[in-house]
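These notes are about the structure you will find just below.
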Amino acid sequence: MYKDEYRRWCRQVKEDYLLEELNAIKDNDREIEDRFLLNLEFGTAGLRGVLGAGTNRMNIYTVAKATQGLANYLLSEEEHPKVAISYDSRNRSREFAKISARVLAANGIKVYIYSTLMPVPMLSFAVRNTGSSAGIMVTASHNPAKYNGYKVYGPDGCQMTSESADKVLGEINKLDIFKDIKKVDFEKALEEKTIEYTPDSVINAYYEWCLGQMMRKDIFKKEPLQLVYTPLNGAGNLPVRHVLKTAGLENISVGKEQEMPNGNFPTCPYPNPEIKEAMALGLEQAKREKADILIATDPDCDRVGIAVKEAGDYIMLTGNQVGILLVDYIAKTRKELGTLPKNPILVKSIVTSSLADRVAKSHGVETVNVLTGFKYIGDTIKKLEEKGEKDRFILGFEESYGYLVGTEVRDKDAVVATLIICEMAAYYRSIGSSVYKALQEIYQKFGFYLNKVDSYTFEGLRGMDKMKEIMSALRANPLTKLGDYEVEAREDYKTLVHKDEKTGRVTDIKLPSSNILVYMLQGGHQVIIRPSGTEPKIKVYYSIKGKDRREADMIKADIDKTIKSVLA
């Protein structure tokens, strides 16, 4: 059957570059099967896959089909829907954004599309600011260059809910990829104003909102900060620099190799600010220029990585460490300035360091723990807003380098996060301290926590099946020890059950169901196993307590023996 679909594509496809790909694999049955046996799966994260020809690839046909399904869903829900669209620097991102706009316009749906690449947070903001029914962000975040993706947002600016995504998928599955897709000429739709470029007023409103999140408005005049910034050839370059300069930060140095948009990401195979390879050029530049801080944003500018100067060297901080520093800085600064709201709230994911909970509590801030995925943080803001309490929200973050300050964006926002991180760095410098010293003070007060994430990749057609088999086996035969450490309690977020292994007592978990297993170990350590929702990976999150880094590393190495035997 997949061979029949391959032959149909050979007959129907018009684009030379796709026809060349199809012709190149005519004698490679394994490649044909990989491209045509399955359809690229649409879920709450939209689409994500390798670029290329085929039903299991990201291309203009799979994107157009997904958009037609979205259009059918929106038209079944309301009479005159509108959709906001943005895209990042990835290969074919602009092309996918334009085909999406053409399909929507052909269905009579009003489209606002940015005239140039813009980050995830600016898409989320535009959805809310234009009163759109949905948003589309063309991006594969920090995946390697061969990937692209298509994220769909709801009217609240959060990524689409599972319920809505299922309805869109139902509409997609009704469609023939070549016969049922409506399209209109892009330029004609611009003339008819079915498609409009996102107004400058929306862009300026976003920038003003970002600047409004600063707490120490004149800190950069009092304490000039030397920043090296890299957008990693992504969408953050202009927005981040504009906001920082408008805020008064003048000393911004950007490396030429990673400054301009480039979907091939020539300086690093994996444009992820979590890894040293992506930060290498920035680190070299920071050392040459003796900068105070290095900041990198990923291609769609929703994640932030930082390195701080300490004793002549530069130390990369983890997502957990930066989030913990932000909790501490924001809470104590707003308390000092008298702007901390009554009953303030920090929102973070369950896989994020529990040290953040302790720091928040020390400042009188309540912590709300949610499932992994920033949409759950956005949904918490929405619920606060419905109760007239959105001002209680002071910070949302995940260990995966995503942060949000303020409530007008409902996804990770590397633009506003970069601004507040720089404010924090300038403040600590102004009092003769540093970001690194502030982190050490937190450890001295609350104890050392090692928080790490390891990923196990399962490529190929059977990759997802293998992941399901592993998770099923872990549920059928529960682990009782990880290394030398006994499991004292287990949580299964699929069945929403917490079990105390000492007493046998079972209690309910008050969160939505998700494919996550949590192991609470003797000694206060915690290990979480979670399959990724967007990549063929199982992620393992470690929270290890120790008297220092060396002891924590030794404990993790011991626990890893069991993890590797199960996953490797």
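The values are calculated or read from the model by the stated rules, or taken from the named source; none is laboratory data. What you see is a predicted model, and the numbers here were worked out from it, not measured in a lab. Here the Cβ positions follow ideal geometry from the backbone for every residue, glycine too, while neighbour counts run over all protein chains shown. Side chains are part of the model used for accessible areas, which takes the heavy atoms of the whole protein and leaves out ligands, DNA and RNA. Shrake-Rupley method; radii C 1.70, N 1.55, O 1.52, S 1.80 Å.
Here are some notes:
- Residue match in the stretch 112-120 (condition: over 25 Å from G52 (Cα atoms), in contact with a helix residue (DSSP H, G or I) (Cβ under 9 Å, 6 or more places away or on another chain) and open to solvent by 10 Å² or more (accessible area, probe 1.4 Å)): yes
- Condition met for Y443 (open to solvent by 10 Å² or more (accessible area, probe 1.4 Å), over 26 Å from D292 (Cβ atoms) and in contact with a Leu (Cβ under 9 Å, 6 or more places away or on another chain)): no
- Under the condition of being among the basic types (K, R) and in a loop (DSSP other than H, G, I, E, B), the residues counted in the stretch 458-469 number 1.
- As a summary of the residue check, L211 satisfies the conditions (1) closer than 22 Å to S400 by Cα; (2) aliphatic (A, V, I, L, M); (3) surrounded by fewer than 19 Cβ atoms within 10 Å (Cβ to Cβ); (4) touching a residue at least 60 places away in the same chain (Cβ under 8 Å) except for the one numbered (1).
- Every listed requirement among (1) open to solvent by less than 30 Å² (accessible area, probe 1.4 Å); (2) in contact with a Ser or Thr (Cβ under 6 Å, 6 or more places away or on another chain); (3) farther than 30 Å from R334 by Cβ is met by P231 save one, (3).
- Of the candidates P224, P155, the single residue that is open to solvent by 40 Å² or more (accessible area, probe 1.4 Å), modelled with pLDDT under 95 and either part of a helix (DSSP H, G or I) or not basic (K, R) (or both) is P224.
- Subset of the stretch 402-436 (residues that are open to solvent by 20 Å² or more (accessible area, probe 1.4 Å) and under 18 Å from the mean Cα position of the chain (by Cα)): E408
- In this entry, S455 is excluded by the filter for residues that are assigned to a helix (DSSP H, G or I), surrounded by fewer than 17 Cβ atoms within 10 Å (Cβ to Cβ) and of a type outside the set (A, V, I, L, M, F, W, C).
- Some residue of the stretch 36-47 being open to solvent by less than 60 Å² (accessible area, probe 1.4 Å), in a helix (DSSP H, G or I), at pLDDT 95 or above and out of contact with any Asp or Glu (no Cβ under 8 Å at 6 or more places or on another chain): no
- Scanning the stretch 255-271 for residues that are closer than 13 Å to G282 by Cβ and either open to solvent by less than 20 Å² (accessible area, probe 1.4 Å) or touching a residue at least 40 places away in the same chain (Cβ under 8 Å) (or both) turns up G255, Q258, C268, P271.
- Residue check for I555: out of contact with any Lys or Arg (no Cβ under 7 Å at 6 or more places or on another chain), crowded, with 17+ Cβ neighbours inside 10 Å and either modelled with pLDDT of 90 or more or more than 30 Å from G49 (Cα to Cα) (or both): yes
- Note on the stretch 77-107: among residues that are of a type in the set (S, T, Y) and in contact with a helix residue (DSSP H, G or I) (Cβ under 8 Å, 6 or more places away or on another chain), the one that is surrounded by the most Cβ atoms within 10 Å (Cβ to Cβ) is S86.
- Residue in the stretch 133-149 that is surrounded by fewer than 24 Cβ atoms within 10 Å (Cβ to Cβ), at pLDDT 95 or above, among the hydrophobic types (A, V, I, L, M, F, W, C) and part of a helix (DSSP H, G or I) present: no
- Of the set (1) surrounded by fewer than 21 Cβ atoms within 10 Å (Cβ to Cβ); (2) at pLDDT 95 or above; (3) not charged (D, E, K, R), all apply to L371 but (2).
- Residue satisfying condition, being without any contact (Cβ under 8 Å) to a residue 24 or more places away in the chain and under 28 Å from the mean Cα position of the chain (by Cα), within set K510, K545, K539, K502: K510
- Applying the criterion of being part of a loop (DSSP other than H, G, I, E, B) and under 23 Å from the mean Cα position of the chain (by Cα) to the residues of the stretch 48-68, the residue that is farthest from E95 (Cα to Cα) is N56.
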